[in-house]
Amino acid sequence: MATEPPRRFSRVLVANRGEIAVRLIRGCREAGLESVAVYSDADERAMHVRLADHSERLGPAAPSESYLNIDAIIAAAHRSGAEAVHPGYGFLSERGAFARAVESAGLIFIGPPAEVIERMGSKIGARELMAGAGVPIVPGETPADQSDAGIAAAALRLGYPVLIKASAGGGGKGMRTVQAGEDPRPLIQGARREAVAAFGDGTLYVERLIDRPRHVEIQIFGDGHGQIVHVFERECSLQRRHQKIIEESPSPAVTRDLRARMGAAAVAAARAAGYRNAGTVEFLVEGTGDGARFYFLEMNTRLQVEHAVTEMVANVDLVQAQFRVAAGERLPWTQEQLIQRGHAIECRVYAEDPAEAFLPQAGKLLVYREPAGPGIRVDSGVVEGDEIGVNYDPLVAKLIAFAENRDGALARAAAALRSFPILGIRTNVPFMLRLLEHPDVRSGAVHTGLIADHHAALTAAVRPPLEAVAAAGLGQPAGSPNAAAAIGDRAGGAAPDPWNTLRGWGR
Amino acid sequence: MADRTVSLRDAQGTEYRIVISEGRVTAGEVEFRFQQIDSATVWLRPADEMSARQTLAYTAASAGVHWVFVNGEVYRFDAEQTGGRRKRGVAAAGSLAAPMPATVRRIEAKPGQAVRRGDVLIVLEAMKMELPVRAPADGTIARVNCREGELVQPGQELAELQP
């Protein structure tokens, strides 16, 4: 068994932005580590920059010139005296070249080894490795002939319907479903274009589409001392455009027996990959109950967006564990010590218009007030008055509700969404409320096509009640100096200063 | 204090006159008492019912659009004074205006081409996602006002369609 010498560090550069940068910077503070924020010109005054102990500019707003610029990030680490780098999720988190560049620069990469990222980043390589380790996989291939005709031929071999996706990718970018009898060419071309735009690599992968699957993933964690554990499952079936919007743990479909089998498969997968630090093994689940079948989908070599639901139900802090494992320490828990209790649901608040095909929205957060209360956690990276720009992912915040059982968590999430006003841009808050109240979501009969199947009902226009009309008449331009004078018995003072409305400061 | 009147139109086109006076606001013949808690927060209750249910609403206005959040729903109204034209934000469904700052990835429509409702005319890219711009109705493309690779701004008409 491999054992590692300790690798101490005291200053961490967080190579990300938005809510995950804020969450990691807070984690640094809890751990007694100094934090270094990095930012593009668009984020100079962003919350993550204000919260950190140090900050370094990377470059212009375009991701390729800032958060995807490896040289700029390494230079920022050297300038700031950082000794370790946490990549967060997205951006460079799953680029083996980045992990390698960090280690080559004499810094510690808080994540898995570069060669593991590279191995798992290739869908073909990952599938071959998993098949060899006895983990079940969905039939599929990366055709050697990457022309439109070559991809179409592979689809025919596998049997329609098929899913075409970016071989290098993740996060639903460059992914298309092709049904039997449909002309595959425009879909192949669209997938390839998105793959090139998002990952700089247009190689496509084709796999058989499992009908009405559930997307269930297992959190795994390995240390440098030979220990690998799983931290239970997350149900991630509620997706739009192949991107998750609501996740929960436990999954309503996973029985004790299935959990044990999937957990063992995930640990076997992690062991086969030589995994260290936090990761996720994604599975497609077909059927329900003890007889359900599951297939390896992919391994995500990073902290996930939805890691908070695991933190709630397992009563662990995955980020603190990442710091400890990166420092060469042992995992803070054994498999036997990990217990899943209660129920957690995460709702991803996106700046998007569900009624207009989930079109991303940009603009100023005229009003942004986070809910609070027992069992409510909000991870966000914005304050009222901030701009949601067009350069980055439109995730605004994550609302995580925790309660003793699933019904309680659903009710708590819904009540919190009813107290989460965001105005100035459209968000999916009203949409998620309807989704939480949908009978199939209530009963736990979720699958990855549920949102598409019920899209019209979930986005139907609602007539405003007269209370809303009356309140609209009282709407004032944010921060207008004569707003107070225009109104009757006003209680407040001046327009809100973002510093006053900053929530969770040093929480 | 003199009464103030605001005219708003909701997303379905229904028009409302809202009359505001000292601590009272009337919409659709129903009078509410209100307190302005802060610049965005309004606390309302119907004026004529002792045990009426009260409402906590959040509201803001910008560029002729009045936004309201009540109990998890968001409503948008256009101010009549500005002619209902929106300067920013999302173009209406079926419009051929760019909905947000985006790059023109591909142009599928040619001037003179006959198109059917729902046909993809232009593909934009923003936030690493493709956004198809579809024909709002059957018709003929009169003009295309953008080039591939061009960065377009919200509200910019990308093409013109003749019925």
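The values are calculated or read from the model by the stated rules, or taken from the named source; none is laboratory data. What you see is a predicted model, and the numbers here were worked out from it, not measured in a lab. A quick note on method: Cβ atoms are made from the backbone with ideal geometry, for glycine too, and the neighbour counts reach across all protein chains shown.
Out of B:130, B:49, B:108, which single residue is within 9 Å of another protein chain (Cβ to nearest Cβ), at pLDDT below 90 and more than 21 Å from the chain's Cα centre (by Cα)?
B:130
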- Only one of (1) buried (at least 17 other Cβ atoms within 10 Å of the Cβ); (2) within 14 Å of chain A (Cβ to nearest Cβ); (3) of a type in the set (A, V, I, L, M) does not apply to residue B:120, and that is (1)
- Note on the structure: Given (1) closer than 17 Å to residue A:250 by Cα; (2) assigned to a loop (DSSP other than H, G, I, E, B); (3) at pLDDT 95 or above; (4) not aliphatic (A, V, I, L, M), residue A:447 misses just (3)
- Item | Condition met for residue A:284 (surrounded by fewer than 23 Cβ atoms within 10 Å (Cβ to Cβ), aliphatic (A, V, I, L, M) and either assigned to a strand (DSSP E or B) or free of Cβ contacts under 8 Å to residues at least 40 places away in the same chain (or both)) | yes
- Residue count for segment A:400-427, restricted to those that are within 15 Å of residue A:345 (Cβ to Cβ) and either in a helix (DSSP H, G or I) or within 12 Å of chain B (Cβ to nearest Cβ) (or both): 14
- Query: Considering only residues of segment B:133-144 that are surrounded by 15 or more Cβ atoms within 10 Å (Cβ to Cβ) and not in a strand (DSSP E or B), which is farthest from the other protein chains (Cβ to nearest Cβ)?
  - Reply: B:135
- Item | Residue selected from segment B:1-46 under the condition aliphatic (A, V, I, L, M) and either farther than 23 Å from residue A:423 by Cα or more than 7 Å from every other protein chain (Cβ to nearest Cβ) (or both), by the criterion surrounded by the fewest Cβ atoms within 10 Å (Cβ to Cβ) | B:2
- Among the numbered conditions (1) assigned to a strand (DSSP E or B); (2) more than 28 Å from residue A:273 (Cβ to Cβ); (3) in contact (Cβ under 8 Å) with a residue 40 or more places away in the chain, tell me where residue A:48 comes up short. (1)
- Query: Quick one: residue A:442 ticks every box in (1) away from every other protein chain (no Cβ under 14 Å); (2) under 20 Å from the mean Cα position of the chain (by Cα); (3) among the charged types (D, E, K, R) bar one, so which box is it?
  - Reply: (2)
- Item | Candidates A:94, A:56 - the one that is at negative phi and part of a strand (DSSP E or B) | A:56
- What about residue A:329, is it within 14 Å of another protein chain (Cβ to nearest Cβ), assigned to a loop (DSSP other than H, G, I, E, B) and on the phi < 0 side of the Ramachandran plot? no
- Requiring at least 2 residues that are closer than 20 Å to residue A:477 by Cβ and of a type in the set (Lys, Arg), the strands (runs of 3 or more DSSP E) wholly within segment B:1-69 are B:4-9
- Among the residues of segment A:154-169, write down those that are buried (at least 22 other Cβ atoms within 10 Å of the Cβ) and assigned to a loop (DSSP other than H, G, I, E, B). A:168, A:169
- Can you tell me how many residues in segment A:350-381 are in contact with a helix residue (DSSP H, G or I) (Cβ under 6 Å, 6 or more places away or on another chain) and either away from chain B (no Cβ under 14 Å) or within 21 Å of residue A:26 (Cα to Cα) (or both)? 6
- Message: Looking at segment B:77-97, can you tell me whether even one residue there is at the interface with chain A (Cβ under 9 Å from one of its Cβ atoms) and at pLDDT 95 or above?
- Response: yes
- Would you point out which residue out of A:229, A:206, A:216 is assigned to a strand (DSSP E or B), more than 20 Å from the chain's Cα centre (by Cα) and modelled with pLDDT of 95 or more? A:229
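Yes/no per residue for (1) among the basic types (Lys, Arg); (2) touching a residue at least 60 places away in the same chain (Cβ under 8 Å); (3) at positive phi:
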| position | (1), (2), (3) |
| --- | --- |
| A:220 | no, yes, no |
| A:223 | no, yes, no |
| A:228 | no, no, no |
| A:234 | yes, yes, no |
| A:240 | yes, yes, no |
| A:245 | no, yes, no |
| A:257 | no, no, no |
